[in-house]
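The values are calculated or read from the model by the stated rules, or taken from the named source; none is laboratory data. Since the model is a prediction, treat every value here as computed from it, not as a measurement. Note that each Cβ is placed from the backbone with ideal geometry, even for glycine, and that neighbours are counted across all protein chains shown.
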Amino acid sequence: MSMTNVSRRSFIGLAAAGMAAASLGFGVEAPQIALADGEQKLVVSLSSSPSKLDPIHYSGTYESQIIGQVTDRLIEYNDALDTFEPSLATEWTVSDDGVTYVFKIRQGVKFQNGQYVKGRELTAEDVAFSLNRSHQYSDNNRLAMLNVAEVTGDYEVTCTLEGPNASFLTAITDAGNSIVAKEEVDGWGDSFGIHLTGTGAFTLEEFNLDENAILKANPDYFLGKPNIDTLEIVFISDPTQAANKVVAGEVDIATDLMGEAIETVRNSSTAEIWETQALQINYIRFNMRHEAMQDVRVRKAMIEAVDFDAVRSALYQYNDAVAAYLPLPYGSWGYDAQYEELFPGYDPADAMELMKEAGWEKGFDITIYVSNTEERRTLATLLMSYWSVLNINATVNSSEWGTFSDTVCSGNAPVYAMSWSWYPDPYFFLNKLFSSDETSAIGNGAGYVKPEVDDLLTKAFETTDQEVRKAYYGEVIKIVMEDCAGIYYANPTKFYGVNPRVKDFYQRTDGTLRFITPERNTYVE
């Protein structure tokens with residue numbers, strides 16, 4: 001089964017021009033089809049273990065998948081990622097200047113039973129608290145554009161931005177801007193993440209690092225009770241193992257399959273392969289704090305020394321990625337192919353000459369940091385080999401996601417490889433990867449700082465005209481490509497192995513797992 005449509009339309013400009021979203025009807029439920037034992041259970045595998053489940057501290061997709069089940073946001077993107085749906089907010093309006101957003105909060109929504117909150121109703125105070133908390137403390141600056149969120153009515157919250165920002169509505173759909181209860185945050189303190197509660201479709205019953213998370217259906221969920229009674233999320237870094245488990249029926253949805261694992265599922269009679277072009281780039285970043293890599297000639301040499309056609313052939317033998325060149329995925333409306341020519345080609349002779357010109361012909365020692373997935377470890381090993389011709393002595397540091405992300409965020413990874421997946425709006429790639437405001441976050445852990453780029457990024461989010469924004473983002477891409485700030489080598493296809501008994505499930509291009517929405521409620525036969 002293939003699901004590949006990605007819309008490039010943007011509704012953000014409409015919202016900033018003052019369009020209010022209409023309230024939708026809720027309570028949509030798929031038929032309750034019971035298993036023999038009377039319980040609906042769904043098992044999903046992720047390719048790495050989450051570590052930080054507090055919304056303000058999460059740094060990767062793996063964490064957001066759990067946060068997104070336990071908590072809600074004010075609004076959500078629909079499955080096609082082309083418009084917003086009401087969630088905890090039933091409607092919203094935007095001032096003509098694009099600075100003030102007023103949200104009407106849904107009445108009757110209940111928090112789950114936690115240690116400090118026992119099913120009380122969600123209030124406007126909870127919303128304002130959560131958004132202000134994210135603005136002030138988010139490790140990844142997920143609400144940097146917010147000035148303040150204020151309670152302006154019994155069920156009304158007004159958000160005032162620092163200035164016009166066309167990405168605000170998209171930002172508040174992010175798991176990092178989930179709504180939580182102040183009592184739970186204050187009561188648990190630094191341990192809130194491992195005791196996460198919210199208003200979401202599922203409650204977090206257990207979280208076992210590197211093993212699994214057990215979630216239970218929230219019977220009081222405002223969309224209706226999920227059909228899935230128990231959602232188990234297991235962490236399997238080896239795609240072959242994940243594929244074998246979905247074929248054997250031990251896993252219902254295996255995410256992030258690659259390599260031979262894809263063929264294992266495709267050739268089975270018990271599971272199906274689902275695929276979609278991901279809104280994701282796989283890339284390598286050079287830390288601008290490293291003495292040698294402060295020189296653009298060294299960075300360019302490190303790109304020219306690598307045959308990326310050969311690298312992709314080694315990493316993606318099953319059509320599980322296409323060649324990439326720019327720091328935006330093809331599915332983003334900001335993508336402009338004219339800048340692809342700025343990607344340096346494979347030219348080891350010129351690379352050695354550049355190292356000599358830069359005074360680094362004797363090379364240097366460096367560590368490549370990656371997370372502990374097979375693909376990243378293989379990539380790092382290939383880079384070690386290619387860079388050795390430049391006398392660069394590279395070693396590899398492979399660790400679980402939490403340790404890896406902490407190292408990158410702290411600026412202590414000289415070279416690192418990872419992926420970035422978000423929404424079609426270029427803001428969520430280019431601002432996060434290249435803004436000077438993000439140098440303490442995982443997006444720009446490479447410490448890239450350029451006032452000209454900051455200025456263009458600001459101009460891009462201050463206008464709601466999509467074509468004008470695209471032009472500004474094009475200038476950003478041109479500059480960072482000429483600076484050889486990183487290597488953007490693959491736009492992957494996302495492969496899921498799915499047990500055919502899973503019904504009413506949709507594979508989203510942003511990778512977000514949603515099991516109950518206004519339109520569907522996943523169940524198993």
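Tally up the residues in the range 76-94 that are among the β-branched types (Val, Ile, Thr) and either modelled with pLDDT under 95 or within 17 Å of the chain's Cα centre (by Cα) (or both), please. Result for the range 76-94: 1.
Looking only at residues of the range 292-311 that are under 14 Å from ALA490 (Cα atoms) and charged (D, E, K, R), we find that the one that is surrounded by the fewest Cβ atoms within 10 Å (Cβ to Cβ) is ASP309. For beta carbons closer than 6 Å, sequence separation of 6+ or different chains, a first residue in the range 475-504 that is farther than 27 Å from ALA351 by Cα and a second that is at pLDDT below 95 and part of a loop (DSSP other than H, G, I, E, B), the qualifying pairs are PRO492/ALA278; THR493/ASP320; LYS494/ALA278; ARG501/GLU525; ASP504/ALA30. Does TYR137 count as loosely packed, with under 15 Cβ neighbours inside 10 Å and under 30 Å from GLY334 (Cβ atoms)? For TYR137, the condition - loosely packed, with under 15 Cβ neighbours inside 10 Å and under 30 Å from GLY334 (Cβ atoms) - is met. Considering every residue within the range 207-230, establish whether at least one is of a type in the set (D, E, K, R) and crowded, with 23+ Cβ neighbours inside 10 Å. Within the range 207-230, not a single residue is of a type in the set (D, E, K, R) and crowded, with 23+ Cβ neighbours inside 10 Å.
For ALA485, the conditions (1) surrounded by fewer than 23 Cβ atoms within 10 Å (Cβ to Cβ); (2) modelled with pLDDT of 95 or more; (3) touching a helix residue (DSSP H, G or I) at 6+ places or on another chain (Cβ under 9 Å) all hold with the exception of (1).
Have a look at VAL127, VAL151 and point out the one that is in contact with an Asp or Glu (Cβ under 7 Å, 6 or more places away or on another chain) and not hydroxyl-bearing (Ser, Thr, Tyr). Step through it out loud before you land on a result.
Values: VAL127 fails: in contact with an Asp or Glu (Cβ under 7 Å, 6 or more places away or on another chain).
Of VAL127, VAL151, the one residue that is in contact with an Asp or Glu (Cβ under 7 Å, 6 or more places away or on another chain) and not hydroxyl-bearing (Ser, Thr, Tyr) is VAL151.
Criterion first (assigned by TED's automatic domain parsing to the domain that holds VAL180, among the charged types (D, E, K, R), crowded, with 18+ Cβ neighbours inside 10 Å and at pLDDT below 95) does ASP97 satisfy it? Step through it out loud before you land on a result.
On the way: assigned by TED's automatic domain parsing to the domain that holds VAL180: yes; among the charged types (D, E, K, R): yes; crowded, with 18+ Cβ neighbours inside 10 Å: no; at pLDDT below 95: yes.
For ASP97, the condition - assigned by TED's automatic domain parsing to the domain that holds VAL180, among the charged types (D, E, K, R), crowded, with 18+ Cβ neighbours inside 10 Å and at pLDDT below 95 - is not met.
Number of residues in the range 439-459 that are touching a residue at least 40 places away in the same chain (Cβ under 8 Å) and under 22 Å from GLY331 (Cβ atoms) equals 2. Annotation note: Cβ proximity below 8 Å between a residue of the range 133-155 that is within 17 Å of SER59 (Cβ to Cβ) and modelled with pLDDT of 95 or more and a residue that is in a strand (DSSP E or B) and of a type in the set (A, V, I, L, M) (sequence gap 6+ or interchain) occurs for SER134/LEU146. If you go through the range 480-510 and keep only what is within 21 Å of VAL247 (Cα to Cα) and either of a type in the set (Gly, Ala, Ser) or under 16 Å from the mean Cα position of the chain (by Cα) (or both), you end up with THR493, LYS494, GLY497, GLN507. Each residue in the range 441-456 was checked for being of a type in the set (A, V, I, L, M) and surrounded by fewer than 18 Cβ atoms within 10 Å (Cβ to Cβ), and 1 of them qualify.
The requirement of being closer than 30 Å to ASP54 by Cβ and surrounded by fewer than 20 Cβ atoms within 10 Å (Cβ to Cβ) is fulfilled nowhere in the range 334-353; no residue meets it. Within the range 488-509, the set of residues being crowded, with 23+ Cβ neighbours inside 10 Å, in contact with a Leu (Cβ under 8 Å, 6 or more places away or on another chain) and either farther than 23 Å from ALA323 by Cα or at pLDDT below 95 (or both) comprises GLY497, THR509.
Only one entry in THR203, THR170 is under 21 Å from TYR58 (Cβ atoms), touching a Leu at 6+ places or on another chain (Cβ under 8 Å) and either at pLDDT below 95 or surrounded by 16 or more Cβ atoms within 10 Å (Cβ to Cβ) (or both), namely THR203. Taking strands (runs of 3 or more DSSP E) as the structural unit, those lying wholly within the range 43-118 and holding at least 2 residues that are more than 30 Å from SER371 (Cα to Cα) correspond to 84-86, 89-94, 100-105.
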